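Read through the structure below, which is laid out as structure tokens, and then see the notes.
The values are calculated or read from the model by the stated rules, or taken from the named source; none is laboratory data. Predicted model only: the values in this text are computed from it and were never measured. Methodologically, a virtual Cβ is constructed for each residue, glycine included, from the backbone with ideal geometry; neighbour enumeration extends over all protein chains shown. In case anyone asks, the SASA skips ligands and DNA or RNA and just uses the protein heavy atoms, side chains included. Shrake-Rupley method; radii C 1.70, N 1.55, O 1.52, S 1.80 Å.
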Amino acid sequence: MAEVQTTEGNEPLHQLLTPDGTAELDGTLSLDLTTVDVRALYRDLVLTRRLDSEAIALQRQGELGLWPSLLGQEAAQVGAAHALLDQDMVFPTYREHGVACCRGVDPISLLGLFRGTTLGGWDPYDRNFNLYTLVIGAQTLHAVGYAMGVVRDDAVGSGDADRDTAVLAFLGDGALSEGETNEAFIWAATQQLPVVFFCQNNQWAISAPYSTQSRIPAARRAAGFGFPGIRVDGNDVLACLAATRDALRRARSGGGPTLIEALTYRVNAHTTADDASRYRSAAETEEWTGRDPLTRMHTFLSTEGLADPDFFSDVDKQSDALAERLRTGCRALAEPGTTLPFEHTYADMPAELRHQMREHHDFVASMERSEASQ
Amino acid sequence: MSNPQDFRLPDVGEGLTEADISRWSVQPGDIVEINQTLVEVETAKAMVELPSPFAGTVVTLHAAEGDTVEVGKPLITIDSAPDASPGSQQELNGDAAPAVEDDAEQAELLVGYGPRPAARTSELSLAGPPSRDVADAADSTPSAAPTTSGTTRPAAKPPVRKLAKELGVDLTTISPTGPHGTVTRDDVRRATTAAETRPVTEPEHAAERRIPIKGIRKHTAEAMVSSAFTAPHVTEFVMVDITATMRLRTAISARREFREVRVTPLVFVARALLLALRNTPEANATWDEQAREIVVKHYVNLGIATATDRGLMVPNIKNAERLSLRDLAESITGLAATARAGSSTLEDMSHGTITVSNIGVFGVDSGTPILNPGEAAILACGAVRRMPWVVSDGESERIEPRWVTQLSLSFDHRIIDGQQGSQLLADTAALLEDPGLAFL
């Protein structure tokens, strides 16, 4: 019988920044640090984490219905986001808060979705960041469809740096078991589409560990579909940036898709409605908090003399200001009117729908009046 | 100006209706910051810490530890603008105002997030949703008014509050004698003296004690009622000489690889049951009412009934039939320790197929155990005693002191009959009487 590679197989893990904050060379990945604003990376890591912790507090205070925490995955998201160009398009899951922020989406609009005041919250074309997708894996096909459009617009391999476009699709380890994801891989491979699949393997699909999803490392799956796969330390922001930058460049130039597996860990439960202690050990979580993505970047900046105490305290101040803005902004989110679903269905509202909208509005208004007269 | 605000219990887990208060982290008089942990609550889904939405001084805790609070009911009142001059007219007015709870308003706020009544009417305009000024909304929403649910917030100067906190006096229990009904230092001191002379809340000679039925007690009660009234129980008994097993135990315990392992008689009873089940696999089964089928399991998840401070827990060892004696012993010790520490996981507690209960640790000989719901059999073993026993036969027949115990097996008569139940019990006993039979 042939030997089966297990999930612990010898797939190399590419890394540029070790957990103790030391920069190291990698044979595959390279990053010219003079081209990278490492301080901006650190600031975005801190702000992303603060957004997450503040949102959890708001949920516990009854201001949000639910929040999927990204704690532990900041480096994967911030690294990937910093590799994007303006014209690139992002297809997120529902946990890409860090990517959204780096992309310039107002974090308060992220809260709207989880407060139930909106079904989306932002214009996808405003920052080229699609709406959150709650259906596991569905966004991979949306991304592939968009990439097909990019090809038909001749925005691949033209050599014009402002024109050539890539699509960055985010997915989790659980999505690898979905039909859509595998279909997306097939389409991307056979048509050499300009799409990069960025899989944050946080090791837990709600309560299902990665070992129940696959016998091989996620990155190795790409070879079966016919495109390159690479596994990077998802808690190393520099490695995530370097790998995504390489893959996006290849995609824009017509080199086809790439699967990036960012090996990381979901430190919190799946969402605020979940209790992780029912299916995994505290020791495991503790082990991963020892590989914290922020700590190593802080150490790196300090020991390399890239940032001084003033910088760090300024970031902390920005973080406090963000928290305050989120607390106020969340409670001030406008509530949807009854007409909103009608208004968002068609670009140009047909007469019949306009008629239905008025009827619905009059009906609701009549209920209000009868309530008020009681 | 004081500005007491209620923090109502939110639905923290998508569709919860209530939560139990596990532990308060703050007390009345404490100053809290935004997002400081106020309380730990246990919902049907998880233990959750609730952070404070307000900065200010804690005025009232609306529930005690152990209480169950409905979602939407006030949990804590925090004064976000503590009064610098207690006894001022505004505060007295606020305190004296009857605690009116507007039922309609409360129903609207059952879940904290989402549309608020204050903003709803204006949202209906076709012109689109207007932006809402949060401060205005808070002022116009009745919930911003002090609703202290009948508990009057005692007026006292900060140093008096501090004194009361140091002496452990609840200000709400004091009759104030100061100007404008404020609590004075003397009032607090008097309260401590009174407390020392007055009987404690639960008098020593109380005729009754009322214990809320909740948590593990509630779960155990429901499980036992469901089991006792759905599965027709039969219990059989056997007395067995386990001297040979006790000798084996001594020999095994002395082995190097067992140095770190606790090999109790229970381990041998469990192992004997696992071996006996090979002969009677039908006893390792469940009654599937819906499918009208009996499901015989090819794996044994062996439950170990464990007495803990919180009550009876039955964590189980997965695939126990595959374990060596040493691994079985380690699993039993580990599982029981985890259960006693209160950190058993849902997985530990689920999917059991058969259970062993060691009632011998309580010094008793026998009992009629009730089945763990969903299982077909449960084995109880009594105390292991030195007893006079008739050994050998014919000319050499004599009475000897031997190690003797009693086993009792309850089984679900829907699933198996007396023949299989007796076979399982007799086989288990035989293995303990003569462990050499395990070779067969």
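Here are the numbers:
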read-out	value
Whole-percent carbon and sulfur share, accessible surface of the protein assembly as shown, 1.4 Å	53 percent
Label point distance in nm, A:D126-B:T173, each placed 7 Å from Cα along Cα→Cβ	5.6 nm
Formal net charge of residues neighbouring B:E260 (Cβ-Cβ distance under 13 Å; K, R +1; D, E -1)	+2
Whole-number accessible area per residue in Å² for chain A, which is evaluated in the context of all protein chains at 1.4 Å	42 Å²
Total lysine pairs whose alpha carbons fall under 22 Å of each other in the protein assembly as shown (8 or more apart, or interchain)	6
Accessible area expressed per residue, segment B:218-302, with surrounding protein chains retained (probe 1.4 Å, Å²)	58 Å²
Extreme residue, positive dipole direction of chain A, given options A:P228, A:L353, A:L306 (C-beta unit charges)	A:L353
Gaussian network model of chain A, springs between alpha carbon atoms under 10 Å - residue of A:D173, A:D308, A:D44 with greatest fluctuation	A:D308
Efficiency of FRET between A:E368 and A:A332 - r from beta-carbon atoms, R0 22 angstrom, step 0.05	0.45
Rounded to 5, the percent of DSSP beta bridges in segment A:33-331 classed as antiparallel	10 percent
Residues with amide H under 5 Å from that of B:L38, placed H, sequence gap 5 or more	B:L50, B:S52
Which of A:R221, A:R95, B:R259 is most accessible, then next, and so on - probe 1.4 Å	B:R259, A:R221, A:R95
Debye, to nearest 20: dipole size of segment A:194-266, +1 on Lys, Arg Cβ, -1 on Asp, Glu Cβ	180 debye
Residue-by-residue Karplus 3J(HN,Hα) for segment B:358-370, coefficients 6.51, -1.76, 1.60, Hz, glycine and proline x	9, 7, x, 4, 8, x, 9, 9, 7, x, 10, x, 9
R0 of 60 Å, Cβ-Cβ distance B:E70-B:D393: FRET efficiency to nearest 0.05	0.25
Euclidean distance between Cα centres, segment B:354-368 to segment B:240-318, Å	13 Å
GNM top mover of A:E286, A:E261, A:E11 - chain A, alpha-carbon springs below 10 Å	A:E286
J(HN,Hα) series, segment A:169-184, from Karplus relation 6.51 cos²θ - 1.76 cosθ + 1.60, nearest Hz, glycine and proline x	9, 9, 7, x, 5, x, 5, 4, 8, 8, x, 4, 4, 5, 4, 4
Label-point separation, A:E287 to A:Q191 (7 Å along Cα→Cβ), nm	4.2 nm
Phi-based couplings in Hz for segment A:224-238 (Karplus 6.51, -1.76, 1.60; Gly and Pro marked x)	x, 8, x, 9, x, x, 9, 10, 10, 5, x, 9, 10, 5, 5
Prolate/oblate/rounded call for the protein assembly as shown, Cα gyration tensor, a/c under 1.5 rounded	oblate
Protein-protein interface of segment A:60-74, residues with accessible area decrease of at least 40 Å², isolated chain reference, 1.4 Å probe	A:R60, A:Q61, A:G62, A:G65
Solvent-accessible surface ranking, highest first, for B:H298, A:H270 at 1.4 angstrom	B:H298, A:H270
Dipole in debye (nearest 20) - the protein assembly as shown, about Cα centre, beta carbon charges: Lys, Arg +1; Asp, Glu -1	1780 debye
Amide H contacts under 5 Å for B:N3, placed H, 5+ residues apart	B:S80, B:A81
Buried area at the B-A interface (accessible, heavy atoms, 1.4 Å probe, summed, Å²)	2900 Å²
Nearest-10 value in Å² for the accessible area of A:R331, using the 1.4 Å probe	50 Å²
Which of B:I416, B:P373, B:V391, positive extreme of dipole for segment B:337-440 (C-beta unit charges)	B:P373
DSSP beta bridges in the protein assembly as shown [antiparallel fraction, %, rounded to 5]	65 percent
Dipole magnitude of segment A:33-331, debye to nearest 20 (Cβ charges: Lys/Arg +1, Asp/Glu -1, about Cα centre)	520 debye
Cα gyration tensor shape of segment A:26-174, rounded if a/c is under 1.5, else prolate or oblate by comparing a/b with b/c	oblate
Long-range amide H partners of A:V195 with built H, under 5 Å	A:V167, A:T258
Alpha carbon centroid spacing (whole Å) that separates segment A:180-235 from segment B:373-420	58 Å
Estimated FRET transfer efficiency when R0 is 25 angstrom, pair A:S313-B:D30 (beta carbons, to 0.05)	0.30
Length added when fully stretched, B:A430-B:H298, from 0.36 nm per residue minus Cα-Cα	45.2 nm
Gain in span if fully extended, A:N10 to A:H355, counting 0.36 nm per residue against the direct Cα distance	117.9 nm
